[in-house]
Every structure is written in structure tokens, then in C-alpha cells.
Amino acid sequence: MNQTSAPGLKVLVTGATGFVGREVVRQLRAHGHSIRALVRQPGSALAETLAQTAGAELVPGDVLDPGTVQRAVAGVDAVVHLVGIIREFGTQTFENMHVRATAHVVQAARAARVQRLLHVSALGTRPDAPSRYHRTKWEAEEQVRASGLPWTILRPSLIYGPGDQFINLFVRISRYTPVLLLPGSPTSLFQPVFIRVVGRCVAAALTHPDAVARTLDVCGPERFTLKDMVRTVLEVLNRRRLLLYMPMPVARLTAAILEAICPTLLRRPAPFNRDQYLMLSEHNIGDPEPIQHLFGITQPTFREGLATWLAPKPHRTPAPASPTATPDQQSAGRPDPEDPPGR
């Protein structure tokens, strides 16, 4: 593995308040690095939590504003660029959030001569991909490779964990209906990866000499169809539901209708769009061996990862409190209301 034991770095993280960003910050702090976060809303609850729990320095700004990106990068040792979107809305287009944002980060990192630039992309990224999502991700990767800096690109597969927007969608829907309709191809395969594994890979790659100038898949140890994934989720939840694939033309039409009505009538991005339809219609698989070899990371199975936050907790009858116990003694062993399950 030959992991370096570099002293703590000052690391700028873009996208630090997101699902992946919060875990990346946690892992970077565990490795002794200090965090600076570029945030659009420094007064938001997520940003304030970053400052309080991770000691992050908050820099107000937007990745689409090159001036604020330059100010955020000034004085840091490394940059971890996480910003990306799966759904377009308003000015947050794939071209803006993937290509332009990465151009601003690369330009600022080059001007500041940072020691490392780590970019989180997506598995399936390639120049001839059917989805604009993956094609714009490829353009962003090419900018990182041409930066002239010591760079690493990580390509995660479908990331699951507390707070994800994919697996948890099926968790929520399965509460209310006996039938789940699945979009995409029945033969497409996926390698879901646990959020904590992604965080560990980012933290390890940032200082690993053999990760420089490498594009690495970050995917789980098992391959599933979408139906098998959702079935496993339901088994962990102890729920029985009928799973049916939508006919492909129906799924495509549904995506087009949602894209047309959600932004205009509901003022929000479509929950399912044509790019997601295209991505679910092809394999999303990779090779996990390089990250296991480089970083020595042991991955949980999909079922094990799900169980850390989805498995029903056994009901326990609390023992009666001693009449002489203090309030602190009485509350010992109870879950902290500020510590949500699955963290």
C-alpha cells in the first residue's frame, strides 16, 4: 500500500455540505487534515454543522464564480472537488456544474500551485456515453488531467448510505404501496458502493503517492440488477413488495413528462429524467481491486452496508430507574437525540 504519513494538510472541499461531502469531510478530519469549505449558504444548518463538528472554515461563494473560487483556493495545500448534479434545474445545468465549475477549480488550483487535486467523477464516464451527465463528467475529467498538477480522479458507482437519494427513494415508496415500478433495463448491472468506503478512498488517495495521475473506479464488491438491489433493500427492511419493471418506452415517456412539468409547475427538478433513464439502461460496473490494493480498504457487502442504518432495531424495554439515581445516571445508555441513527 505504501500510504504516506504526510502531516495534516489544509484541504479545500467543494460540495462539502452534500451527501458525499459530509462523509468526505468526516474522513479527512479523521486523517488529521483541516477543512476549508466553499459554500453558497454559510448560514444554512448544514454549513453551520460543518463548522461546528468538523471545525471547517467556511468561505461564502459559488463554483460558478471564478473570483470566489480563487479566494477559496488561496493558501490551501490540496483541493477535493466534489460538486456535481444528477438533475438539472435552472442555471444548474450539467455544462455549468460539471464543465464550467471544474474549469474554475482547476484554474484556481493551478494558480495556487496546490500539492494535490482530487476530483470525484462518476463510474460510466466516457466521451461517447449516451447521457449528457456522463459526457459532461468526461469533459471535467479531461480538464483535471490537463491541469499540470498532481491529480487523482475517483469514479464512484451508485453510492448508498444514510441520506442518499436513490436507495432511500425506494425505502420511502415501499411504505405506501405493495407494488414498486422499476425504471431501466432488467439486464443492467450495478455495483453499489457504501458512502463510508467513498469517504475513505478520498482521504486515502489524497496523500497516496501511487494514486497520482490515476483514474480509479470506486465500486462495491457485488453486481446486481436494479430488481435484485431493491429486493435486498426490502429484505433488510423485512418488507414484501411486488417488483415490476416499467416497459422501456413507458419509462422514457415518464421521464420526458416529468422533465416538462416539474420545473414549470412544481418549481423543482424532475425526480426522474431522461439522463437517469439512459444511465439505468446500461451497465454501471467497474473493478474494485485497485482501490482495495492501493488503500487496503475492506468493503462491506451491500446487505451489510444497508443493515448499518436500515435494519429494524430490536425493541428494548428500559429498566426502571433507581429512585436514588441522578438525572444523568437515569439517561445513561439512551440514544442521544442529537445523534441520528445510521451516522
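Bear in mind these aren't lab numbers, they're just calculated from the coordinates by the rules spelled out. Bear in mind that the values here come from a model prediction, so they are computed numbers and not experimental data. Every residue, glycine as well, gets a Cβ built from its backbone with ideal geometry; the counts of neighbours run over all protein chains shown.
What to note about this one:
- Remark: spin-label model distance K313-D228 equals 3.2 nm, labels positioned 7 Å along the Cα→Cβ axis.
- Point-to-point label distance, L253-R40, nm (Cα→Cβ direction, 7 Å offset): 3.4 nm
- Ranked by how many other Cβ atoms sit within 10 Å of their own Cβ, fewest first, the residues I35, I285, I257 fall in the order I257, I285, I35.
- Antiparallel bridges, percent of DSSP beta bridges restricted to the chain (to nearest 5): 10 percent
- Ordered by the number of other Cβ atoms lying within 10 Å of each residue's own Cβ, fewest first, R239, R126 fall into the sequence R126, R239.
- Both radii come from the Cα set of the range 8-92: Rg as radius of gyration, Rh as Kirkwood radius; their ratio Rg/Rh reads 0.95.
- Spatial separation of Cα centroids for the range 218-292 and the range 125-186, in angstrom: 10 Å
- Of the residues F194, F19, F166, the one with the fewest other Cβ atoms within 10 Å heads the list, and the complete ranking is F166, F19, F194.
- Reduced Cα scattering model of the range 1-146, Debye log10 I(q)/I(0), q = 0.14, 0.21 Å⁻¹: -0.65, -1.36
- Diffusion coefficient, µm² s⁻¹, Stokes-Einstein with Kirkwood Rh over alpha-carbon pairs of the chain at 10 °C and 1.306 mPa s: 74 µm²/s
- Computed log10 I(q)/I(0) for the range 198-265 at 0.20, 0.21, 0.25, 0.29 Å⁻¹: -0.90, -0.92, -1.05, -1.20, from the Debye equation with unit scatterers placed on every C-alpha and solvent omitted.
- Where labels lie 7 Å past Cα in the beta-carbon direction, separation of A213 and H293 in nm: 1.8 nm
- With a Förster radius of 25 Å applied to the beta-carbon distance between T53 and Y176, the computed FRET efficiency rounds to 0.15.
- Sites A146 and Q92, calculated FRET efficiency, Cβ-Cβ separation with R0 25 Å, nearest 0.05: 0.50
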